[in-house]
Amino acid sequence: MPTCQEVAENATEYLEGAMPRRERFAVWAHLRICPNCRNYLRQLMRTVSLTRRAGASDPPPPPQEEDRLVAAMKAARASRSD
């Protein structure tokens, strides 16, 4: 059975169903007996849900603003490499 740390490290894969069945079952079994990990996964799911909702309501930046931001990031990177 995985430890709490292992559950936390693999939480995203568990929630996305991106782990092998045996590992998924082991995490599920751990969650059945560990309230702390259950709470952690609930919080993670809530965070993902709120982040998606917040991002969906924001309109994309105007193209000129996006270009300005990209240019600023490139300039900052170039000044650090000098």
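Where a number appears in this text, it was derived from the coordinates with a stated rule and is not lab data. What you see is a predicted model; the values in this text were computed from it and never measured. For neighbour counting, all protein chains shown are included, and Cβ atoms are generated from backbone atoms with ideal geometry for every residue, glycine included.
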_Residue (of F25, A54, A72) at the positive-pole extreme of the chain, dipole from beta-carbon charges_ = F25
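Which length gain, in nm to one decimal place, applies between V70 and R32 when the Cα-Cα distance is subtracted from 0.36 nm times their residue separation? Before the final figure, lay out each step's value.
On the way: separation 38, 0.36 × 38 = 13.68 nm, distance 4.64 nm.
That pair, V70 and R32, stretches by 9.0 nm at full extension.
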*How about the chain: what cysteines have no other cysteine beta carbon under 4.7 Å from their own?*
C4
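About the Cα centre of the chain, how large is the charge dipole given +1 on each Lys and Arg Cβ and -1 on each Asp and Glu Cβ? Please answer in debye to the nearest 20. Can you show the working numbers first?
On the way: 13 positive and 10 negative charges, 77 e Å.
I would put it at about 380 debye.
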*Grab the other residues whose beta carbon is less than 14 angstrom from that of T3, score K and R as +1, D and E as -1, and report the net.*
-3
*asked:* At 7 Å along Cα-to-Cβ for each site, give me the label-to-label distance between E9 and R77 in nm.
replied: 3.0
*To the nearest 10 degrees, how steeply does helix 63-81 sit against the main Cα axis of the chain, on a 0 to 90 scale?*
90
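Using 0.36 nm times the number of residues separating M1 and A56, minus their current alpha carbon distance, what extension gain do you get?
Working: separation 55, 0.36 × 55 = 19.80 nm, distance 3.75 nm.
Fully extending the segment from M1 to A56 adds 16.0 nm.
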_With just the Cα atoms defining each centre, how far is the range 1-47 from the range 59-79? Give it in Å._
38
*If you line up the long axis of helix 21-33 against the longest principal axis of the chain, both from Cα atoms, how many degrees apart are they, to the nearest 10?*
70
*Could you tell me what % of all Cα pairs in the chain have separations over 14 Å?*
73
